[in-house]
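The values are calculated or read from the model by the stated rules, or taken from the named source; none is laboratory data. Everything numeric in this text was worked out from a predicted model, so none of it was measured. Please note: Cβ atoms are built from the backbone with ideal geometry, for glycine as well, and neighbour counts cover all protein chains shown. Keep in mind that these areas ignore ligands, DNA and RNA; they rest on the heavy atoms of the full protein, side chains included. Shrake-Rupley method; radii C 1.70, N 1.55, O 1.52, S 1.80 Å.
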Amino acid sequence: MKTDDLIQETSTAIQTDSQFVEAHYYRGLAYFVLGDWINALTNFERVIGLAAENSEHAAIISSALVYSGYAFSSIGSGESALSVFEQALQINPKSVSALKGKGEVLREAKEYEKALVCYDQAHTLDPKDISTQQYRAELHYRLSHFAEALDIVNDLLRLDFFDKEAQLKKASILIAQGKNSDALSWLEDLLGLFPDCTDALILKGKTLEKLNRKDEALRTYELVLYMQPEGEKLNLEASIARLQKRSFW
């Protein structure tokens, strides 16, 4: 069923019975899919209010709270998102979606240690979730837990060696560990697989700088700039400075 048809059908059901919890829920879900966050939140709030006194509706309340959390996050209301994710976890402590949502809010707030706790719990509950692993690697990196970040990235590469983002992250970790020769070797292999990967070239330039191979680094940065359509129009010095500051996490 199309979302517009679902909205129309559930609206008709609500006109017949304004206490129809499931109709409010599915109408909220349809608005959520459309990115209409305010109408989604209005319907989910109605679900929570109507179902609060009925223990049989615990699952639908938990789901409505999780969707509300993501809707609040989408409109930039981190505090409200955090509050409803925590309410969802009180109902269902094993909700992976709520744990990941809470982790995302905390990550955005730069509360990396608390965010990592959420993603670790989500990973324990669903160890096959790739996105959870990606966030765990990022958070370990941001907390300077480079060995742990590298272990996770290596796990991701064992699942898919041609995961370009994971390969780039491994290079970043090796650089952060001061293993610049290893990073350079890894990046050259990566560029063998993806010769047009400008991100890998930028990291290669940074690595060459750390190895005091300034001329090679400069040529690498110049190659990146001239691979871009506007490359010849750029101020070379300013553009290289911008590339040097770029982060991949």
For this session: Being in a helix (DSSP H, G or I), surrounded by fewer than 21 Cβ atoms within 10 Å (Cβ to Cβ) and not basic (Lys, Arg) is the filter here, so list the residues in the range 203-223 that pass it.
Result: GLU209, ASP215, GLU216, ALA217, LEU218, GLU222, LEU223
Exercise. Which residue pairs have Cβ atoms under 6 Å apart, sit 6 or more places apart or on different chains, and have a first residue in the range 88-114 that is touching a residue at least 24 places away in the same chain (Cβ under 8 Å) and a second that is surrounded by fewer than 24 Cβ atoms within 10 Å (Cβ to Cβ) and basic (Lys, Arg)?
Worked result: LEU106/LYS114; TYR112/ARG142
For this session: Working only within the range 1-30, note down all residues that are part of a helix (DSSP H, G or I), of a type in the set (D, E, K, R) and open to solvent by 60 Å² or more (accessible area, probe 1.4 Å).
Result: ASP4, ASP5, GLU9, GLU22
Seminar exercise, completed: Wholly inside the range 65-134, helices (runs of 4 or more DSSP H) that include 3 or more residues that are more than 30 Å from LEU157 (Cβ to Cβ) and of a type in the set (A, V, I, L, M, F, W, C) are 78-91
Exercise. Is it true that LYS179 is at negative phi, of a type in the set (Lys, Arg), open to solvent by 30 Å² or more (accessible area, probe 1.4 Å) and free of Cβ contacts under 8 Å to residues at least 40 places away in the same chain?
Worked result: yes
Exercise. Among the residues of the range 132-170 satisfying the criterion of being open to solvent by less than 40 Å² (accessible area, probe 1.4 Å) and either among the acidic types (Asp, Glu) or touching a residue at least 60 places away in the same chain (Cβ under 8 Å) (or both), which is farthest from ASP199 (Cα to Cα)?
Worked result: GLU138
Problem set entry | Close pairs from the range 26-50: first more than 15 Å from SER74 (Cα to Cα), partner surrounded by fewer than 23 Cβ atoms within 10 Å (Cβ to Cβ) and of a type in the set (A, V, I, L, M, F, W, C), Cβ under 6 Å, at least 6 apart | ARG27/ILE7; ALA30/LEU6; ALA30/ILE7; VAL47/VAL21; LEU50/VAL21
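One line per residue, one yes/no per condition, for (1) β-branched (Val, Ile, Thr); (2) more than 30 Å from ARG142 (Cα to Cα):
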{"position": "ASP5", "(1), (2)": "no, yes"}
{"position": "PHE20", "(1), (2)": "no, yes"}
{"position": "ASN39", "(1), (2)": "no, yes"}
{"position": "ALA52", "(1), (2)": "no, yes"}
{"position": "GLY78", "(1), (2)": "no, no"}
{"position": "VAL84", "(1), (2)": "yes, no"}
{"position": "TYR112", "(1), (2)": "no, no"}
Exercise. For the subset of the range 83-131 comprising residues that are β-branched (Val, Ile, Thr) and surrounded by fewer than 22 Cβ atoms within 10 Å (Cβ to Cβ), which member is nearest to the chain's Cα centre (by Cα)?
Worked result: ILE130
Exercise. Out of curiosity, is ALA59 closer than 23 Å to PRO127 by Cα, at pLDDT below 95 and of a type outside the set (Phe, Trp, Tyr)?
Worked result: yes
For this session: Scan the range 211-249 residue by residue and report those that are basic (Lys, Arg) and modelled with pLDDT under 70.
Result: LYS233
